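The values are calculated or read from the model by the stated rules, or taken from the named source; none is laboratory data. The structure displayed is predicted, hence computed values, not measured ones. Note that we place each Cβ from the backbone using ideal geometry, even for glycine, and neighbour counts take in every protein chain shown. To get the accessible areas, we keep the full protein, side chains included, count just its heavy atoms, and leave off ligands, DNA and RNA. Shrake-Rupley method; radii C 1.70, N 1.55, O 1.52, S 1.80 Å.
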Amino acid sequence: MDIVFEQVEHIYQANSPFSQRALYDVNLSIKSGTYVAIIGHTGSGKSTLLQHLNGLLQPTKGMVCVGDYVIHSAKQAKQLKPLRQKVGIVFQFPEHQLFEETVEKDICFGPINFGVSEEEAKRRAKVALSLVGLPEEVLNKSPFDLSGGQMRRVAIAGILAMEPDVIVLDEPTAGLDPKGRKDLMEMFARLHREKQLTTILVTHSMEDAAKYADYIVVMHKGTVWKTGTPQQIFHDLDSLLHLGLDVPETVLLKRRLEEKMGQEIPSPCLTMEQLIAGIKQLFAKVNEHE
Ligand SMILES: Nc1ncnc2c1ncn2[C@@H]1O[C@H](COP(=O)(O)OP(=O)(O)O)[C@@H](O)[C@H]1O
Ligand SMILES: [Mg+2]
């Protein structure tokens, strides 16, 4: 499902003294099957933008197209139910939304709510649980007896059991330790690859944006400031730093090395592997000249 935002504006509590413009003139195009990272300061409009993807919020101006669904300010929410099945949103701390007495019931809740039979929902719960890397015996446990990391995986399994085409992740690794973070990011990368899931990730980790995304969208003060491949986005270091955003450590290290050695490193250096390859190339070049 291709996704297009056209001149989207969102004002919270419009026409009231408390009105707050969170988005304006957002134009964006996301091709089906891509992995997009959205970065930007707190308050730049990332979460507001995400909630337009399945009609939880509707634009106050402009329109959002998700596949054949067109969402604009006049559309009634009830027509959006099929869209909510197609676009699964994993909110921050999704484990806070677990509530059933067993893991199985929790995972089945969404599919059953969308009209799937109980038998089919249970089948999907098993599949989803293995997709998130949890063993089947967890199904009969209470979600509240699991560890924090496991609870988060159960909540994600509940979204996957709806068999969405698009998965939207709002800072999904917040609060996890480094290993838990890496495991979860690798899991999303695998799902993206194996299920061709269009993946839209909001993250504060520039390393994750650089490593996993095909495209990066930089949000600034309620609108899209820039889009491009990780290579394009992190090439323009100075303007990102000027906005007060981080850049991957490896990109900073590359710049420092280049300044010290007076030589350009012929590698994008978005990941540690690329930086090591770049340094090797640099030494090979230096040796050649000696
Ligand atoms: N429910 C809401 N009511 C009023 N204003 C809101 C609401 N949610 C967010 N905002 C405001 O909208 C702007 C964008 O917020 P948000 O989309 O949450 O940004 P981000 O996810 O990038 O931190 C901020 O100024 C925020 O204060
Ligand atoms: Mg947010």
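With all protein chains present, how much of the accessible area of the chain (probe radius 1.4 Å) comes from carbon and sulfur, to the nearest whole percent? In the chain, the share of accessible area belonging to carbon and sulfur is 50 percent. Given +1 at the Cβ of Lys and Arg, -1 at the Cβ of Asp and Glu and no other charges, the dipole of the range 191-250 around its Cα centre is 260 debye to the nearest 20. Is the range 155-290 best put as rounded, prolate or oblate by its Cα gyration tensor, with a ≥ b ≥ c the root eigenvalues, rounded for a/c under 1.5, and otherwise prolate when a/b is larger than b/c, oblate when not? Since a/c reaches 1.5 and a/b is larger than b/c, the shape of the range 155-290 is classed as prolate. Rg and Dmax, both from the Cα atoms of the range 3-247 and both in Å, are 18.2, 55.
For GluC sites (Glu not before Pro), the sites in the range 98-153 that DSSP calls loop and that have at most 13 other Cβ atoms within 10 Å are Glu101.
Which percent, nearest 5, of DSSP beta bridges in the chain are antiparallel?
Bridges in the chain are about 55 percent antiparallel.
With every protein chain left in place, what is the accessible area per residue of the chain in square angstrom, probe 1.4 Å?
With all protein chains present, the chain gives 51 Å² per residue.
For the range 245-290, the alpha carbon convex hull comes to 60 Å³ per residue, rounded to a whole number. Residues whose amide H lies under 5 Å from that of Asp2, counting only those 5 or more places away or on a different chain, are Ser32, Gly67; hydrogens are built 1.01 Å from N in the peptide plane. For Ile30, neighbours were defined as the other residues whose beta-carbon sits under 13 Å from its Cβ, and their charges (Lys and Arg +1, Asp and Glu -1) total -3.
Both radii come from the Cα set of the range 1-101: Rg as radius of gyration, Rh as Kirkwood radius; their ratio Rg/Rh reads 0.97. For the range 124-135, 3J(HN,Hα) computed residue by residue from phi via the Karplus equation (6.51, -1.76, 1.60; θ = phi - 60°) reads 5, 4, 4, 4, 5, 5, 6, 4, 8, x, 10, x Hz, glycine and proline entered as x.
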